[in-house]
Amino acid sequence: MFRLIQLQAQHGVPRIGVDADGYGSERAALARYRETPSEFFGIGRFDPTGRLSEIIMDTVCGPAGGECPQPAVVVHAETFQRLCDNCSFGLDALTLPELALRLGVVVRMAPVLARSGRHAAPEEGCSASNRIAREFASHVEDPGWRTELCAELARTPGAVTGLLIGVGALSHRDVLDLYPALCALGTQLPAGVHADLLRATTRPQSPAGVTGLRLGL
């Protein structure tokens with residue numbers, strides 16, 4: 001069962017509010033959520049006992065209807081506002097794994113929502129980003145997969161969001177275990193992506209900075 005949820009801070013403590021209406025699928029819940037995104041944080045998946053088992057966070061950065069075209073990858077540590085890498089610069093932000101620890105429940109990104117007009121993202125970029133994020137931890141040790149990943153990043157620059165999410169979701173133990181493969185990937189990245197992540201290492205708390213450092217840049 002899926003329900004729309006609100007996430008607010010009360011005296012520094014996160015409070016999750018749950019909408020009464022239930023939906024049988026994630027797709028149906030997301031469709032309803034995107035009709036009134038300003039009212040909710042995302043989607044909650046509940047197990048048969050009614051316990052919240054997963055939070056699905058939308059990818060729109062900032063307030064609903066905002067002008068930022070970049071997908072959200074973190075949340076503000078106090079307000080839980082969704083933010084992209086650029087908008088979170090200089091702010092106290094939480095990555096998805098950090099938010100999950102704070103809430104005590106798994107948090108993941110919803111499928112990327114393509115915007116209309118000049119900010120519209122190609123459908124293939126959205127699917128590539130989602131696939132990279134989903135496959136990263138289990139495939140990064142495969143040299144062939146890394147080569148395909150870099151080719152995808154060269155073809156579809158927007159897919160770098162999947163790289164940020166995939167690397168950011170690794171635990172500290174995962175990073176230690178996968179570090180040789182992560183460093184190998186760092187040397188293979190397309191020049192533009194490599195340069196952007198290298199610059200981002202001066203902001204080590206940002207998602208791009210975390211990614212750059214974990215890739216040995």
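No value in this document is a laboratory result; all are computed from the given coordinates. This is a predicted model, so every value here is computed, not measured. All Cβ positions, even for glycine, are placed from backbone atoms using ideal geometry, and neighbour counts span all protein chains on display.
Two-decimal Rg/Rh of the chain from alpha-carbon positions, Kirkwood Rh?
On the way: Rg = 17.1 Å, Rh = 17.8 Å.
On the Cα set of the chain, Rg over Rh gives 0.96.
Pull out the extension gain between Glu39 and Leu103, defined as 0.36 nm times the separation in residues minus the alpha carbon to alpha carbon distance; nm, one decimal. Could the numbers behind the result be given before it?
Working: separation 64, 0.36 × 64 = 23.04 nm, distance 1.95 nm.
Stretched fully, the Glu39-Leu103 segment lengthens by 21.1 nm.
When a/c is below 1.5 the answer is rounded, else prolate if a/b is larger than b/c, else oblate, so apply that to the range 122-217 with a ≥ b ≥ c taken from the square roots of the Cα gyration tensor eigenvalues.
Details: a/c = 1.42, a/b = 1.17, b/c = 1.21.
Judged from the Cα gyration tensor, the range 122-217 comes out rounded (a/c under 1.5).
What number, rounded to the nearest 500 deg cm²/dmol, is the helix-based mean residue ellipticity at 222 nm of the chain, given -39500 (n - 2.57) per DSSP H run of at least four residues and division by all its residues?
-12500 deg cm²/dmol, from helical runs alone.
Neighbour counts of other C-beta atoms within 10 Å: give me Ser38, Ser171, Ser88 arranged from fewest to most.
Working: Ser38 7, Ser171 10, Ser88 26.
Final ranking by Cβ density, sparse to dense: Ser38, Ser171, Ser88.
For Val175 and Ser53, calculate 0.36 nm times their separation in residues minus their Cα-Cα distance, and state this gained length in nm to one decimal.
Working: separation 122, 0.36 × 122 = 43.92 nm, distance 2.50 nm.
Length gained, Val175 through Ser53: 41.4 nm.
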